[in-house]
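The values are calculated or read from the model by the stated rules, or taken from the named source; none is laboratory data. Everything quoted here is computed from the prediction, not taken from an experiment. Please note: Cβ atoms are built from the backbone with ideal geometry, for glycine as well, and neighbour counts cover all protein chains shown. For accessibility, only protein heavy atoms count, side chains too; no ligands or nucleic acids. Shrake-Rupley method; radii C 1.70, N 1.55, O 1.52, S 1.80 Å.
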Amino acid sequence: MSASSPVSRPTPAGHVAPLPPFDLVIFGGTGDLALRKLLPALFHRYLDGQIVDGSRIVAIARDARTDDEYRTRVREALAKAAAEDPRGTDVLDRFLALLSYRRLDLGDDAGWPAFAEELAGAERVRVFYLAVGPDLFAVVADRLHVHGLIDPRTRVVVEKPLGHDGQSANAINDALGRVFDETQIYRIDHYLGKETVQNLTALRFGNALFEPLWKAEHIDHVQISAAETVGVEGRAAYYDRSGALRDMVQNHLLQLLCLVAMEPPASLSADDIRDAKLKVLRALRPITADNAAQLTVRGQYRAGAAEGRAVPGYAEELGAASDTETFVALKAEVRNWRWAGVPFYLRTGKRLPERSSEIVVTFRKVPHSIFDEGEGGSRLAPNKLVLRLQPDEGVTLWLMNKVPGPGGLRLRHVPMDLSFAEAFGGRQADAYERLLGDVVRGNQMLFMRRDEVEAAWQWIDPIRAAWQAAHEAPKPYTAGTWGPSAAVALIERDGRTWHEDAG
Ligand code: NAP
């Protein structure tokens with residue numbers, strides 16, 4: 001590897017090499033995403049010595065405030081992170097010194113020339129993070145170009161939602177593509193920055209054990225789920241325009257499906273991985289008006305209980321009746337030789353009984369049992385590989401094992417647990433820490449390419465069209481339950497059940 005390679009080298013202690021000083025401009029630097037995710041992630045990278053003094057972080061919003069007022073706001077936001085780390089409070093001041101604030105209304109050209117002048121001149125990587133609504137993406141891209149703020153070292157990061165359908169996503173991608181090269185555009189899906197998700201690639205391609213079995217011959221089905229206990233609360237207006245299919249399935253769940261189902265890429269290069277994922281998206285069996293009723297279930301929560309307290313229904317939270325789904329379950333199929341006949345069940349929703357995201361790969365049963373499977377005997381359960389993304393990241397392999405003791409040969413389904421926190425110790429880095437570092441290093445492996453986004457929408461749009469044509473309201477479910485009963489029926493019709501932690 002040459003010295004100029006963009007790929008970082010982990011040191012023996014597991015830390016990554018320092019990033020050269022860079023400029024990061026956060027458009028929307030006072031928003032929820034910036035304060036709750038981006039700045040804590042940057043602070044942790046600073047604590048670990050990956051971000052070095054001399055880097056600059058500029059926050060942009062329309063409010064009038066001084067640099068010091070902004071730093072005070074960020075200090076509050078980082079108080080917990082700083083308190084958890086023995087070095088935290090000592091270095092917090094030095095980290096805050098990297099920050100500055102600029103008042104700028106992105107939609108109004110008046111403030112741009114002065115802002116451009118402030119940034120001019122530095123010979124370094126410059127990242128523009130668009131932590132603002134998607135309606136501003138095109139405007140910002142255009143202003144950056146007009147004011148000469150884009151050069152080959154410039155990168156732009158865009159958050160979801162990247163449009164609300166294929167057409168609007170194309171419009172955003174066109175606007176970005178007019179001024180940025182595709183290699184400069186980082187479409188973030190923070191699920192891809194999670195350790196477990198990267199570990200999926202490590203497990204599949206770093207071990208001889210799994211890949212030979214990773215096919216229809218040995219895998220019965222795959223479940224991918226993302227369950228939330230929260231309702232829509234303060235985000236109701238945004239969520240009502242989106243719904244679970246667009247908010248979760250189009251990006252996070254489909255990306256996970258791609259990583260499970262993709263062919264071995266030729267290398268870990270961004271394009272090899274993204275080519276492999278794209279082929280999966282293109283192989284998905286279309287869901288249209290002809291089959292949507294059999295293959296999909298949409299639901300909306302009613303009043304119920306969550307985390308031990310009574311909670312209102314979606315319509316009450318929104319303050320109006322709505323046809324937006326807060327729950328989706330669907331059965332996808334990847335039509336290729338590897339996966340023919342293997343269902344991928346996807347499920348996501350709000351106000352479900354627990355917060356958990358996981359991928360469950362269920363292997364086929366042994367072809368013949370030599371054990372007594374009768375009453376009181378050992379019923380053989382299939383092996384399962386469970387990759388947990390949240391709340392605690394880790395991997396569990398469910399195996400049949402002998403129950404210890406001198407009696408008869410009795411077997412039990414037991415988990416072989418690899419909790420990351422226990423196995424590797426220390427704190428688990430947040431996905432944004434990894435992803436922000438990758439942007440500065442210029443590694444696009446964990447970011448979506450334009451054609452992937454397009455292919456995802458091409459599969460999602462007909463599902464929405466089928467639902468609209470059916471004129472059916474989402475099925476109600478009580479907050480605190482696992483969605484409408486139709487979601488249970490969707491999988492039980494096939495003689496399978498949704499995975500529960502008991503194995
Ligand atoms: P937010 O809390 O509403 O923050 C929006 C930020 O943008 C504020 O700093 C706001 O400050 C600024 N802003 C809005 N209009 C502006 C303008 N015309 N000029 C300059 N600044 C402007 O929203 P958010 O939750 O942080 O989300 C930001 C983006 O990330 C959205 O696209 C969202 O969908 C996406 N996202 C958020 C999360 C999350 O966890 N929050 C997760 C995934 C994706 P002023 O109003 O003071 O200008």
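Figures for the structure shown
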| item | result |
| --- | --- |
| DSSP-loop GluC sites (Glu not before Pro) across the stretch 80-177, with at most 15 other Cβ within 10 angstrom | 123 |
| Cα gyration tensor shape of the stretch 148-251, rounded if a/c is under 1.5, else prolate or oblate by comparing a/b with b/c | oblate |
| Residue-span extension gain [residue 293 to residue 53] - 0.36 nm each, minus C-alpha spacing | 80.7 nm |
| Label-point gap, in nm, between residue 390 and residue 309 - each point 7 angstrom along Cα→Cβ | 1.9 nm |
| Ranked by how many other beta carbons lie within 10 Å on average, peptides 108-116, 242-250, 477-485 from highest | 242-250, 477-485, 108-116 |
| Size of electric dipole in the stretch 361-490: Cβ of Lys, Arg +1 and of Asp, Glu -1, about Cα centre, debye, nearest 20 | 320 debye |
| Among 288, 201, 227 - extreme Cα towards positive end, dipole of the chain, charges at beta-carbon | 201 |
| Between the stretch 338-354 and the stretch 437-503, the alpha-carbon center distance in angstrom | 7 Å |
| With every protein chain in place, the stretch 301-365: carbon and sulfur % of accessible area (1.4 Å) | 50 percent |
| Cα long-axis angle, helix 67-84 against the chain (0 to 90 degrees, to the nearest 10) | 30 degrees |
| Average accessible area per residue (Å²) across the chain - probe 1.4 Å, nucleic acids and ligands excluded | 45 Å² |
| Folded to 0 to 90 degrees: helix 431-441 orientation relative to the chain principal axis, Cα | 50 degrees |
| Rounded to 5, percent antiparallel among DSSP beta bridges of the chain | 55 percent |
| Computed lengthening from residue 354 to residue 90, 0.36 nm per intervening residue step minus Cα-Cα distance | 91.3 nm |
| Student exercise, the chain dipole from Lys, Arg, Asp, Glu Cβ charges, in Debye to nearest 20 | 880 debye |
| Shape of the stretch 11-126, Cα gyration tensor, a/c cut at 1.5 | oblate |
| Rough spin-label spacing in nm, given labels placed 7 Å along Cα→Cβ, for residue 497 and residue 472 | 2.5 nm |
| Calculated FRET efficiency for the pair residue 285/residue 229, C-beta based, R₀ 30 Å, to 0.05 | 0.40 |
| Span from the the stretch 175-222 Cα centroid across to the the stretch 275-311 one, whole angstrom | 20 Å |
| Lysines with Cα under 18 Å of residue 384, excluding same-chain neighbours fewer than 8 positions away | 215, 365, 402 |
| All lysines inside 28 Å of residue 80 as judged from Cα atoms, apart from same-chain residues fewer than 8 positions distant | 37, 160, 194, 350 |
| The stretch 19-177 - percent of accessible surface contributed by carbon and sulfur, probe 1.4 Å | 50 percent |
| Helical mean residue ellipticity (222 nm; -39500 (n - 2.57) per DSSP H run of 4+; nearest 500) of the chain | -9500 deg cm²/dmol |
| Local electrostatic count, residue 457, Cβ distance below 13 Å [Lys/Arg +1, Asp/Glu -1] | +1 |
| Cα lying deepest toward the dipole's positive end in the stretch 453-503, options 483, 458, 473, charges on Cβ | 473 |
| Calculated FRET efficiency for the pair residue 461/residue 147, C-beta based, R₀ 41 Å, to 0.05 | 0.70 |
| The stretch 195-242: trypsin sites (Lys or Arg not before Pro) in DSSP loop, at most 11 other beta carbons within 10 Å | none |
| The stretch 247-385, dipole about Cα centre (Lys/Arg Cβ +1, Asp/Glu Cβ -1), debye to the nearest 20 | 220 debye |
| 0 to 90° range, to nearest 10: angle between helix 195-206 axis and the chain longest Cα axis | 60 degrees |
| Theoretical FRET efficiency, 1/(1+(r/R0)^6), r = Cβ-Cβ of residue 488 and residue 68, R0 60 Å, to 0.05 | 0.60 |
